[in-house]
Amino acid sequence: MSQVTTQPSVDQIWEWLDAVPDPEIPVISLVDLGIIRGVEWQGGTLVVSVTPTYSGCPATAIINLDIETALRDHGLDKIQLKTQIAPPWTTDWMSEKGRAKLEEFGIAPPQAAGGPERCPNCQSKNVTRVSQFGSTPCKAHWRCQDCLEPFDYFKCI
Amino acid sequence: MAAPLTDNEALFQFLLRMGDNTLILGHRVSEWCGHAPVLEEDIALANTALDLIGQTQMWLGLAGEVQGEGKSADDLAFLRDVWDFRNLLLVEVPNEDFGRTLMRQFLFDAWHSIQLGHLMKSSDDRIAAIAAKTSKEVTYHLERSADTVVGLGDGTAQSHDFMQTALDYLWPYVGEMFTSDPVDAAMVKAGIAPDPASLRADYDVLIKRVLTEATLTIPDSDFAHKGGRTGAMHTEHLGHLLTHMQWLQRAYPGASW
């Protein structure tokens, strides 16, 4: 653990946060997910605003802990985490990098049409919905009719 | 005769009504976890319950702030007894079977989605923000509960009977959503929330469309059980529910995670 003597820039902090993985879907970072809504210095305190994906997402507490741990590891000790619910989180805030990583991992990224564009495993467009809900609040359960593999689809909200 | 409500007391009561609805329904739906007929339904019910309990944290969290006695959402959820709850009677009735659970969910989701649509325009920014956040989830709940009501209502003869029985049983609990009292009058006056009665027309259009598609008959009665949202009288079921939900805090006061 290093001790910081000068205040790191906001850009630097965004970079650090982009290295913190989402606890449920570790292939994307919290920044990719679009849930870090603000980073600013208020005097000597770093204020990070985080927005929840779903109201009851059980990962919310872990996410806050992970952010705090990462920033402490970079030598910051005066950190304030703020929950910001307005405007509400939307999958539009997910980065292009995040979307590509999701698909590579086997999770179809959100689409405005409300369903996956293609199977993340074989790219077939012949897909069918199994359930509107999936293994986490942010996902639904789909299946490919060609390769027959089930897959998760990141819901569009 | 009780003293007239202050604006702050009315706002507190309004927030309890919102938060207690989502808390009690969330708990009821969570009772299915591990018991639903198929895995996908189990996951769907658990996710819905999770959303509702998450929404409760926001509503009761704000209620605690407005009350100004330093109470958290958890304090309000776990340290009140039956007479202090302000949820609709509809959400406390037992699950009974999958059909009744989904019919109850649909009848509530329909009201909830219309109510939140109005609350997004609330004069209170905190309420508008919670409504904007939660209405996205509730739109999803409504889509699912409406689809399931249609699927089962217009399904086999057996599933149709289950759904009609559920609708007949739950119908007398629908009217309470549209009753108004001095708390509502204070909310309307302050531009915080709509008059419940004003939501009825939109509600009737929505549920008629879905229930007709589901080949179900809406009972021809406007009798309504009341008393949940005012706290005047709950059903016997709420007390039983609380003994489960609040057991830990009752047995080990102050226990924390």
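The values are calculated or read from the model by the stated rules, or taken from the named source; none is laboratory data. Please read these numbers as outputs of a predicted model, since none were measured by experiment. Positions of Cβ are generated from backbone atoms using ideal geometry, with glycine treated the same way; all protein chains shown enter the neighbour counts. Areas reflect the complete protein model, heavy atoms only, side chains present, ligands, DNA and RNA absent. Shrake-Rupley method; radii C 1.70, N 1.55, O 1.52, S 1.80 Å.
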Using beta carbons and a limit of 9 Å, which pairs, at least six apart or on different chains, have the first residue in the range A:30-44 and at positive phi and part of a loop (DSSP other than H, G, I, E, B) and the second one among the aliphatic types (A, V, I, L, M) and open to solvent by less than 40 Å² (accessible area, probe 1.4 Å)?
A:34/A:94
Looking at the range A:28-36, can you tell me whether even one residue there is within 14 Å of chain B (Cβ to nearest Cβ), open to solvent by 10 Å² or more (accessible area, probe 1.4 Å) and closer than 30 Å to residue B:23 by Cβ?
no
Regarding the range A:64-81, can at least one residue be identified that is open to solvent by 60 Å² or more (accessible area, probe 1.4 Å) and in a strand (DSSP E or B)?
yes
Number of the exception - residue B:233 against (1) in a loop (DSSP other than H, G, I, E, B); (2) surrounded by 15 or more Cβ atoms within 10 Å (Cβ to Cβ); (3) touching a Gly at 6+ places or on another chain (Cβ under 7 Å):
(2)
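The rows are residues; the columns are (1) surrounded by 21 or more Cβ atoms within 10 Å (Cβ to Cβ); (2) at negative phi; (3) among the hydrophobic types (A, V, I, L, M, F, W, C).
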| residue | (1), (2), (3) |
| --- | --- |
| B:150 | no, yes, yes |
| B:155 | no, yes, no |
| B:160 | no, yes, no |
| B:163 | yes, yes, yes |
| B:182 | no, yes, no |
| B:187 | yes, yes, yes |
Does the range A:93-100 contain at least one residue that is in the same structural domain as residue A:24 (by TED's automatic domain parsing), over 26 Å from residue B:145 (Cα atoms), assigned to a helix (DSSP H, G or I) and without any contact (Cβ under 8 Å) to a residue 12 or more places away in the chain?
no
Within the bounds of the range B:6-29, is there any residue that is at pLDDT below 95, surrounded by 22 or more Cβ atoms within 10 Å (Cβ to Cβ) and within 12 Å of another protein chain (Cβ to nearest Cβ)?
no
Consider residue A:157 against the criteria (1) surrounded by fewer than 16 Cβ atoms within 10 Å (Cβ to Cβ); (2) of a type outside the set (S, T, N, Q); (3) within 14 Å of chain B (Cβ to nearest Cβ); (4) not in a strand (DSSP E or B): it satisfies all of them except one. Which criterion is unmet?
(1)
